[in-house]
Structures are given as structure tokens and as C-alpha cells.
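Participant: What follows is a single structure, and I will ask about it in a moment.
The values are calculated or read from the model by the stated rules, or taken from the named source; none is laboratory data. Note that the structure is a prediction, hence the values are computed from the model and not measured. Neighbour counts run over all protein chains shown; Cβ positions are idealised from the backbone, glycine included. SASA here: full protein model, heavy atoms, side chains in, ligands and nucleic acids out. Shrake-Rupley method; radii C 1.70, N 1.55, O 1.52, S 1.80 Å.
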Amino acid sequence: MSPPLPDRALRAFGRTEGDADDLGLLVRDQDTRRLVLLRALLDAAGAAPATVCPPDRIDRLRQDWALLEAAERADRTAVRAVLLHPLVGPWAQSCLRGLTATAPTPQLHADLDHLGALAAAAAIRARLAFTARLTARGGLLSLPALGAVRMPDGRTDITSTGGELTLRHRPEKPLVVHAHADGTTSSPDPRWLPALSLPAVLPGAGPVPLDDLDPYRTAGSGLERHGLSGAVRIDDSERKAWTESWSGVEPLLRIGGAHRVTEAAVLLRCLVPLGPPPGSGPTGQGAAHCSGTRREAFGAVLSSKPATPAYFASTLVHELQHTKLAAIGAVVRLHHEDATPRHFAPWRSDPRPFDGLLQGAYSHMALADYWQRFARGAERVTHRDLAWAEHARCREQVGAVLPVLAGSGALTTEGRVLVNEMITLYDRLADCPPPTGHLARAQAYVSTARVIWQQRNGSRRA
């Protein structure tokens, strides 16, 4: 989609850095890919056999698309805010899979209905007057990036005057929602659930959606395979806890360098609340935490409620590296290794494919750098000890797999540049080693992880 990355940007990315201009190259490429994907849906629907996408579905899809185009003509920026919302990506991928299948799937009906909700949300953001008929499922009708309404399943009529919308599902009482110029919504009716958000990372940036409503936020993600919990709705007390932790994140990110704040401001587009990690107990007490990203949901970080602002900040450092590296790999090919899971990674008990190894090493390298800077700047001894322990563990984990990455003959020229810069950062971190006790414990941790991995996985490559 975009020309190859400049060497300067690629080298900065290899050190897990990158300024706003560098990151902007990745963002523009991802945005272009999203818009092309959406257009591909329309083409796939037109090419699908009638058994997969019947004529009445095609007609409805074209009506929804026409509303999207009208909204785009009225306010392109407002419409892009909806279409580029990270969770539109998983929906689009699911829809495209259904349209290109050889037989009809039940999920496709829900996917095609969701296009109507997207078109309506875009038109509302563009402050258009329109009428449409949408479909509620699971007792909820979601208007992406705006909110959702509790409604019985089935058809719901929506009328918008540009600043006010009315939703009717007979015999229910009509619901009136006010749509404000800044993209927020409000209603005195308790059935309306407005979209939540956290303040902007930096002045001038937009607020960060805290999306606990979108029906596609974890659909098809396979979270359970990675030890993550499912998406949850959050109540007022939990929202306050998220807000309190978030308020302390920016200064803690800045401890790790200005580039960490820039990453969050440029790349983070949405937070999806997850439940407590599996096995952490019914209340999720303590520091137990899980988080992840989805390649098809660029800019989204899925996370359980962080116990402290420090863990919130480190979660962003960790997960945004996955976002960044996946976006880099979409612009330039980094390697030609296959997807066979065979490599030892100290942060996982299962064998990893080469690409997964690279992703994990990259994110842990950024964490090692972050926690070292944190340790050097921390005033309290307890904070320093925690940071040194995290730094030592992450650096030792990376050191255990860097030889595999560096020794691969399947790295492309760009991949070689990236890995070489990772090695440069790894060596630079040694200039300020952690206290001896932390280093010894980290080395023992990695050695034990390797032994356990070999016992579990036998003769696979370690």
C-alpha cells in the first residue's frame, strides 16, 4: 500500500523507537488498507452466488453503502472516525470470509446487518438527516464509536435529524438520543449506553475510546488460546478505576522516553476491557493481568483492568510494540520463515513460529528498555526494585532468543536491519546492569523456563 520504509525509520523501529513522522507512515498505510478492505466487501458481495448473498441482501447492502457515501460527502473526517475505528477491522474480515465462502453461513447475516449500523453511525457523526432500519442482536443494538441501545432482538427503526436520533422498536417506547458535534451522545433514557472514553494522551490528540460495547471486540480472536479472558462490560466503579489508573499513565510513559508517549498518542486508538485473567480468582485481586492485540484491529489494545498506573503504562509499551511490528511487516517483508511452531520462547510454554518469536522478542526488548529507564528514575526503593526485576527478566528473555533471530538465513534485507538494531539496543542496555541479585534471579528464571519447555516439547528446537 505504501512505499518501502525509509532506512532511518526502519532503524529507529528496530530500536523499538520511532517519532511521530515515522509512526505516521505506518498509520497511513493501515488506514489505506482498511478503506481498500471495505471496498473489497462491496465487490465480494456483487460476485457472491445468490445462495451466499441473495438479491434482497445485495439491495440492502447497496442502500447502506449509499448512506455511507452520502455521509462521506457531508463530512469525510467524521465518517473516517467510524470506519477507521479498530473494531471495524474484525467485522470486515469476518464479512469478507462469509461473502467468499462456498456456502452460506449464519454469521454472514449478522455481519451484513452490521454494515447498516456502521453506515448509520457514520451518518450521525456527519450530522445527516436520514431514516434507516437496523437489527438488534443479543438484546443490544450497537452504533460503533457512538454507543448502543438495549433493545429486543429484531428490526429497529432509526430517524436522525442531524442532531437528534429516535429509535423505535414496537411495542417499546421510542428512545431519543442527542448527538453532539464532538461525536459524543447523551440521553436521559437508561436504555442508551453511550460510548466511554479516556482523556487524550497528549493535548491535541483525540480521546481514547474505552470500548465495552462493540459486538466484534473479541469475536473470532481466539483469546482463550493465548491465556486471555473475554471482553466485559464495565460498571461505574470500574470505569472510575480505569480513569484513575489512566490519569497516571502519561508521566510514567514519559519516564521511558518521549517516544513512548508518542507511540501511545499516535498508535493507540481504542482500549477494550477484558475480564480478570483465567485462574486469578472471582474478584481478580492482586497484580494478575492479561492483555493482547489483534492484527486485524489496528490501534486496539485489549486489557484487563491494570492494577496500577505503572502496569498500565508497561502494558501499553508492550502491546503497542506488537501493533507497531505488525504494521511494519505489512509495509515491508521482514523474513521468509514458515509458520511452523518450533522455537523456544521464555515467555511462553508452547513452541513459537519464527514470526511469533520475533514479535515476542521485540515487545520484551521495549519492556527491558522501559523498565531500565524506570529503575534509573524511580525515587522509592520499592519502585526501583520492581523495575530492576522486570528489566532483568525481560532482557534475559530477549537474550535467550536473539541468536535464533540473528542466525536466520530467511531474514530479508529489511528484517536484517531491524534485528541488527534490536541487537544494538540489547547491547546498550548492558551499559547499566541491574543489581546482581536481580540479574541472578532473571538468569535462573530463563534457565528454568528452558528446562520445563524441553520437558514439555521434547526434541523441538529450543
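Participant: Go through (1) of a type in the set (Ser, Thr, Tyr); (2) in contact with a Gly (Cβ under 8 Å, 6 or more places away or on another chain); (3) open to solvent by 20 Å² or more (accessible area, probe 1.4 Å) one by one and return the number of the condition Thr323 breaks.
Facilitator: If we test Thr323 against (1) of a type in the set (Ser, Thr, Tyr); (2) in contact with a Gly (Cβ under 8 Å, 6 or more places away or on another chain); (3) open to solvent by 20 Å² or more (accessible area, probe 1.4 Å), just (3) comes out false.
Participant: Sticking with this one: So, Ala70, is that one at pLDDT 95 or above, more than 25 Å from Leu271 (Cβ to Cβ), in contact with a strand residue (DSSP E or B) (Cβ under 8 Å, 6 or more places away or on another chain) and crowded, with 21+ Cβ neighbours inside 10 Å or not?
Facilitator: Values: at pLDDT 95 or above: yes; more than 25 Å from Leu271 (Cβ to Cβ): yes; in contact with a strand residue (DSSP E or B) (Cβ under 8 Å, 6 or more places away or on another chain): yes; crowded, with 21+ Cβ neighbours inside 10 Å: no.
No; evaluated as a whole, the condition is false for this residue.
Participant: Out of all the residues in segment 234-284, which are charged (D, E, K, R), within 24 Å of Val88 (Cα to Cα) and either under 17 Å from the mean Cα position of the chain (by Cα) or open to solvent by less than 50 Å² (accessible area, probe 1.4 Å) (or both)?
Facilitator: Glu263, Arg269
Participant: Could I ask something else about it? Name the helices (runs of 4 or more DSSP H) wholly inside segment 329-436 in which the number of residues that are under 26 Å from Arg33 (Cβ atoms), free of Cβ contacts under 8 Å to residues at least 40 places away in the same chain and among the acidic types (Asp, Glu) is 1 or more.
Facilitator: Here the list reads 354-377.
Participant: Here is a further query. Could you check how many residues of segment 106-146 are at pLDDT below 95 and among the β-branched types (Val, Ile, Thr)?
Facilitator: Selection size over segment 106-146: 1.
Participant: Now, a different point. Pairs under 6 Å by beta carbon, first residue among the hydroxyl-bearing types (Ser, Thr, Tyr) in segment 238-259, partner open to solvent by less than 30 Å² (accessible area, probe 1.4 Å), six or more apart or different chains?
Facilitator: That search, which allows pairs on different chains as well, returns Ser245/Pro306; Ser245/Phe312.
Participant: Looking at the structure I just gave you, is Leu26 buried (at least 17 other Cβ atoms within 10 Å of the Cβ), out of contact with any Asp or Glu (no Cβ under 8 Å at 6 or more places or on another chain) and either outside any helix (DSSP H, G or I) or of a type in the set (A, V, I, L, M, F, W, C) (or both)?
Facilitator: Judged against the criteria, Leu26 is a match.
Participant: Shifting gears a bit: If you go through segment 424-440, how many residues are open to solvent by less than 50 Å² (accessible area, probe 1.4 Å) and touching a Leu at 6+ places or on another chain (Cβ under 8 Å)?
Facilitator: 1
Participant: Of all the residues that make up segment 131-174, how many are assigned to a strand (DSSP E or B) and open to solvent by less than 20 Å² (accessible area, probe 1.4 Å)?
Facilitator: 13
Participant: Take the residues in segment 199-228 that are surrounded by fewer than 20 Cβ atoms within 10 Å (Cβ to Cβ) and of a type in the set (Gly, Ala, Ser); name whichever of them is farthest from the chain's Cα centre (by Cα).
Facilitator: Gly204
Participant: Kindly indicate the residue of segment 204-259 that is acidic (Asp, Glu) and assigned to a helix (DSSP H, G or I) and also nearest to Gln372 (Cα to Cα) among those meeting that condition.
Facilitator: Glu250
Participant: If you don't mind, there's one more thing I want to ask. What are the pairs, 6+ residues apart or on separate chains, where a residue within segment 137-156 that is within 13 Å of Pro209 (Cβ to Cβ) has its Cβ under 9 Å from a residue that is charged (D, E, K, R) and open to solvent by 40 Å² or more (accessible area, probe 1.4 Å)?
Facilitator: As it stands, the answer is Ala145/Arg125; Leu146/Arg125, since those pairs meet every condition given.
Participant: Within the bounds of segment 92-105, is there any residue that is at pLDDT 95 or above and under 19 Å from Ala148 (Cα atoms)?
Facilitator: no
Let's see how each residue does on (1) under 17 Å from Gly89 (Cα atoms); (2) not in a helix (DSSP H, G or I):
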| site | (1), (2) |
| --- | --- |
| Leu35 | yes, no |
| Thr51 | no, yes |
| Asp56 | no, no |
| Arg60 | no, no |
| Asp64 | no, no |
| Leu67 | no, no |
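Participant: Go over the candidates Ala101, Ala123 one by one and state the one that is open to solvent by less than 50 Å² (accessible area, probe 1.4 Å), within 15 Å of Ala179 (Cβ to Cβ) and under 27 Å from the mean Cα position of the chain (by Cα).
Facilitator: Every option except Ala123 fails the conditions.
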